[in-house]
1. Looking at the structure I just gave you, is residue 100 within 22 Å of the chain's Cα centre (by Cα), assigned to a strand (DSSP E or B), free of Cβ contacts under 8 Å to residues at least 24 places away in the same chain and within 19 Å of residue 66 (Cα to Cα)?
2. If I ask for residues that are surrounded by 15 or more Cβ atoms within 10 Å (Cβ to Cβ) and β-branched (Val, Ile, Thr), which ones from the stretch 100-118 would you list?
3. What is the residue count in the stretch 34-86 for residues that are of a type in the set (Phe, Trp, Tyr) and in contact (Cβ under 8 Å) with a residue 40 or more places away in the chain?
4. For the stretch 32-69, which residues satisfy the criterion of being of a type in the set (Phe, Trp, Tyr), closer than 17 Å to residue 112 by Cα and under 13 Å from the mean Cα position of the chain (by Cα)?
5. For the list (1) in a strand (DSSP E or B); (2) more than 23 Å from residue 65 (Cα to Cα); (3) of a type outside the set (Gly, Ala, Ser), I need the number of the one condition that residue 127 fails.
6. Which of (1) small (Gly, Ala, Ser); (2) farther than 17 Å from residue 176 by Cα; (3) crowded, with 19+ Cβ neighbours inside 10 Å is the odd one out, the single condition residue 90 does not satisfy?
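Quick note: the coordinates plus some simple rules give every number you see, no bench work behind them. Treat the numbers as computed from the prediction; the structure is a model and nothing was measured. Neighbour counts are summed over all protein chains in view; Cβ atoms, including those assigned to glycine, are modelled from backbone coordinates with ideal geometry.
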Amino acid sequence: MTNRAIISKIWRAVLVGTLLVFACKTASAQRTISGQPTLALSAYYTGSFVGAEAFFQQYTLGGFWEAGAFATPYLHPLSSGDILNNWHIAASGGYLWRLAATRSRSCNWYAGAGAYVGIEWLDPFGKLPGYIDLGVADIRFLYGVYAKTVLEVFLSPRFALLIQGAVPVNFSSVTGYINWQAGLGVKIMLN
């Protein structure tokens with residue numbers, strides 16, 4: 001099965017699940033209160049692997065700011081026919097604005113951007129043959145910016161499902177500058 005077919009099936013399942021949540025969910029009095037802290041944990045598909053991120057987030061009147069970390073694995077074919085596995089591990093932070101919301105704020109749509117800094121780790125498991133020299137250090141400095149959109153659906157007053165997409169732009173990567181990510185996560189209200 002191709003990556004495009006897998007992604008299509010994932011998005012269909014997410015859409016059907018979201019529609020079922022709205023059809024079966026009673027009205028909620030959930031409000032995203034300015035100053036309220038949350039913890040967001042997500043897994044996302046990068047086209048070759050599944051990565052993870054964890055963010056501390058705090059709501060403002062018009063959205064929320066976030067600060068956290070992510071680990072993203074990628075696969076890149078080499079001209080020799082081998083596959084290079086590399087990881088982006090970084091700290092990041094940004095701001096997302098609320099674009100739309102239900103009256104009870106039980107469903108919110110956000111979009112925004114941020115920046116990150118960390119490391120790019122080439123061939124972390126040493127699987128490339130010894131005769132292949134990449135010509136660069138195995139661990140390199142990584143920095144960039146990202147654009148992100150998040151759909152937040154509260155299933156209870158303290159727990160939300162996240163459906164998100166992001167496009168990180170890497171200014172220092174040797175393996176590629178623009179990537180995409182699509183993922184699912186959860187958000188837990190901390191107080």
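1. Details: within 22 Å of the chain's Cα centre (by Cα): yes; assigned to a strand (DSSP E or B): yes; free of Cβ contacts under 8 Å to residues at least 24 places away in the same chain: yes; within 19 Å of residue 66 (Cα to Cα): yes.
So residue 100 fits the description; yes.
2. 102
3. The initial filter retains those residues of the stretch 34-86 that are of a type in the set (Phe, Trp, Tyr), namely 44-45, 49, 55-56, 59, 64-65, 70, 74.
Those still in the list that are in contact (Cβ under 8 Å) with a residue 40 or more places away in the chain too: 44-45, 64, 70, 74.
Count: 5.
4. Going residue by residue through the stretch 32-69, those that are of a type in the set (Phe, Trp, Tyr) are 44-45, 49, 55-56, 59, 64-65.
From the residues that got through so far, the ones that are closer than 17 Å to residue 112 by Cα too are 55-56, 59, 64-65.
Matches in the stretch 32-69: 55 only.
5. The one condition residue 127 does not meet is (1).
6. (2)
Conditions (1) part of a strand (DSSP E or B); (2) in contact with a Leu (Cβ under 7 Å, 6 or more places away or on another chain); (3) crowded, with 18+ Cβ neighbours inside 10 Å, marked per residue:
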position: 154; (1), (2), (3): yes, no, yes
position: 160; (1), (2), (3): yes, no, yes
position: 165; (1), (2), (3): yes, no, no
position: 169; (1), (2), (3): yes, no, no
position: 173; (1), (2), (3): no, yes, yes
position: 185; (1), (2), (3): yes, yes, yes
position: 191; (1), (2), (3): no, no, no
